[in-house]
1. What does the helix-only formula give at 222 nm for the chain: each DSSP H stretch with n ≥ 4 adding -39500 (n - 2.57), the total divided by the residues, and the result rounded to the nearest 500 deg cm²/dmol?
2. Roughly to the nearest percent, how much of the accessible area of the chain is carbon and sulfur, given a 1.4 Å probe?
3. If one takes the longest principal axis of the Cα atoms in the chain, at what angle in degrees, from 0 to 90 and to the nearest 10, does the Cα axis of helix 11-23 lie?
4. How much length would be gained if the chain were fully extended between Asn37 and Leu16, taking 0.36 nm per residue of separation minus their Cα-Cα distance, in nm to one decimal?
5. Quick one: which residues, 5+ away or cross-chain, put their amide H under 5 Å from the amide H of Gly76? H built at 1.01 Å from N.
6. Rolling a 1.4 Å sphere over the protein heavy atoms, what is the accessible area per residue of the chain, to the nearest Å²?
7. Would you mind calculating the gained length between Ile49 and Arg80 on full extension (0.36 nm times residue separation, minus the Cα-Cα distance), in nm to one decimal?
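The values are calculated or read from the model by the stated rules, or taken from the named source; none is laboratory data. Everything quoted here is computed from the prediction, not taken from an experiment. For the accessible areas, the whole protein counts, side chains as well, though only heavy atoms, and no ligand, DNA or RNA atoms are used. Shrake-Rupley method; radii C 1.70, N 1.55, O 1.52, S 1.80 Å.
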Amino acid sequence: GKMYIGSSVNVDSRLLGHRVSLKTKTHCNRHLQYAWNKYGEEYFVFSVIEQCEVDALLIRENFWMGVLNSTNPEKGYNKRP
């Protein structure tokens, strides 16, 4: 039930990057990497929660981190806004 919120102008490339680094155990987010190693890929879902203009990416990313409380280690995997 935890979440990681991110933003990108190229979602497919960004998701591929996350998957590759998680599968090779080199992801920079240790909390997320630990959960991936513990539970396995089948317990993770990658999805788009909103599309927006490029100039609003960081604003919307921060909005969703706040709404979903994803910087709280009990709720999510984001290190910081």
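1. Rounded to the nearest 500, the figure is -13500 deg cm²/dmol.
2. Here it works out to 53 percent.
3. 20
4. Full-extension gain reported as 5.8 nm.
5. So Gly76 has HN proximity to Met3.
6. So the chain comes to 75 Å² accessible per residue, rounded to a whole number.
7. Length difference between fully extended and current span is 9.3 nm.
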